[in-house]
Amino acid sequence: MFDIVIIGLGATGVSLLSQIQDEVYSLRFKKPEIAVFNPLCTFASGNAFGDAHNIYKVNTPSSMMSVSAMEPGRFEHWLRATCGCQERWPSRLLYSEFIQQTYKDINENEILQITEFPGSVISVIRKNEFFIITDDNGNTVSAHKVVMCLGSPPADSFPEFNGTPGFINHYSQYQPSVNDEIIIAGSSLTAIDAFRYIHHKGGSSVHLCSRNGFIPTCLTRKENYTPVFLSWKNILSAIQYPEDTFDVFIRLLHKEFCLLRNDGEFKIAMSLLKKGNNAEYFYFLLERAKKGNLPCQDTLVSTRPYMHKIWNVMTIKQKQKFLKKYGALWATWRHPVPYEVFYELSQASVNEKLKFHQIQTPPVYQDQKFSIRTSSGTLKSNYLWDATGGNYNIKKMRNTLLENLLINKLIENHPCGGINIDPLTFQCKVNGNNIHGLYNIGPLSKGCLFSTNALWFNVKCCEIWVRQWASEYVKNVKGII
């Protein structure tokens, strides 16, 4: 019987182990018995980092990418020791090496008793006060607590094209051909990664298509602007009732952007975009980013510490309204890309190797070509790359474990995506009741916690979970060291 089973050993799973280790050491606990499950190919690296191509970069400052609350600068120190320099936007593969090294250090410390299972969990069954866990290699274990750190399981945005020649949803499927024009569906970081992979292979022109037609934005060199109206203090003082939260937040955000209508970048950039002046759009944001003069971006980034609390107070209808009305805009302007990557997009756009389009109708496959109608005309290509980032409806995800948990009523879909959880304890919830002992930390908690695409946030969630676990563990375990 294991004390804890961790399903998924990427960045979040390793962070959880690291912080359990810190707590066990500082409180002098008996060694907890922990089982970790993850496919061998991405063991202690995860899909987001371990399965990335070497040109894919992180878009979070290295200062925010430690996996331990006890050592917030650990990744930066590791970078200097490993690379001899401090790279602000390292590659994801480099970060996966850091995760692997962190896991190796945890094992060598022997503060935890860890048993490895290099496979995928396919079944979790609740039996009385514990769980029975089975993987695809036939291993079966039991545990008091199960923590899922699954990342973002794949989901099909275009299931009708699976198996169709020329349909791509992973970079390994792309076969470069100089004369081909390629359609990429999506505009997020996943789509940018897809373009960069094609661009570095050389030759092909790319059409980036999205429902909103937005173009990525550029990370500032330095955050220099402090919001006047939009702040946690002002939100609290303006709210009389919890149900007012959404309206208050949006009102203060609009008020801030109104203050910046002449000096801020948002209004000018959006005007250039609407006029189709893409080259000027890129140049304008590059110059402003270089000078650290992106106050609208600074305003959105300033919500980082408290946005999940705003989200938690919103009703389901308010959350859905926010996603429908502001979701795409928020994704583009709140999640900018590194300067070097944005410059690469700019040069490709100027050289007409990259064009942006707004989708009017879903893509179809006819006459052995993919066809998609956009605001700038109909595009046709032998290739369609699905870089939409998938779907957060867990019923549409290709994951045997999630299917099993749904059947056994141990999880349910959140209306805003992912698994429904208790935001205070991270326990899975079904029909309003917490499933005691079953937890989820990471992107699949997006509907409840909003900020779960950010590693720093998931590390914070791990820290909270470990403290709650330690409080319970010390009461139940005899024989403190």
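Each value in this text was obtained by applying a stated rule to the coordinates, not by laboratory testing. These numbers come from a predicted model, not from an experiment. Heads up, the Cβs are rebuilt from the backbone with ideal geometry, glycines too, and the neighbour counts pull from every protein chain shown.
Figures for the structure shown
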quantity: Surrounding net charge for residue 162, when Lys and Arg each add one and Asp and Glu each subtract one, Cβ distance under 12 Å; calculated: -2
quantity: Highest-first arrangement of 302-315, 8-21, where packing means the average Cβ count within 10 Å; calculated: 8-21, 302-315
quantity: Förster radius 35 Å - calculated FRET efficiency between residue 164 and residue 400, Cβ distance, rounded to 0.05; calculated: 0.90
quantity: Three-way shape call for the stretch 232-334 based on the alpha-carbon gyration tensor, with the a/c threshold at 1.5; calculated: prolate
quantity: Answer label for Cα extents along the principal axes in Å (calculated), chosen among (i) 70, 56, 51; (ii) 121, 78, 47; (iii) 82, 63, 42; calculated: (i)
quantity: Simple label model, 7 Å out from Cα along Cβ direction - residue 85 to residue 378, nm; calculated: 4.9
quantity: Within the chain: Cβ-based charge dipole about Cα centre, in debye rounded to nearest 20 (Lys, Arg +1; Asp, Glu -1); calculated: 1280
quantity: Cα gyration tensor shape of the stretch 106-201, rounded if a/c is under 1.5, else prolate or oblate by comparing a/b with b/c; calculated: prolate
quantity: Neighbour-count order for 330, 469, fewest beta carbons within 10 angstrom listed first; calculated: 330, 469
quantity: Degrees separating the helix 92-109 axis from the principal Cα axis of the chain, which is the longest one; calculated: 10
quantity: Sorted peptide list for 426-438, 287-299, 316-328, criterion being average Cβ within 10 angstrom, highest first; calculated: 287-299, 426-438, 316-328
quantity: For residue 113, net neighbour charge (Lys/Arg +1, Asp/Glu -1) across residues whose Cβ lies under 13 Å away; calculated: -2
quantity: C-alpha long axis of helix 278-290 to longest principal axis of the chain, angle in °; calculated: 50
quantity: 11 Å beta-carbon shell around residue 94, net charge (K/R +1, D/E -1); calculated: 0
quantity: Crossing angle, helix 11-27 versus the chain [Cα axis fit, 0-90 degrees, rounded to tens]; calculated: 40
quantity: Residue 1 paired with residue 105, simple spin-label distance in nm, labels 7 Å along Cα-to-beta-carbon; calculated: 3.4
quantity: Stretch gain in nm, segment residue 70-residue 181, where the contour uses 0.36 nm per residue and the Cα spacing is subtracted; calculated: 35.1 nm
quantity: Sites residue 330 and residue 233, calculated FRET efficiency, Cβ-Cβ separation with R0 25 Å, nearest 0.05; calculated: 0.70
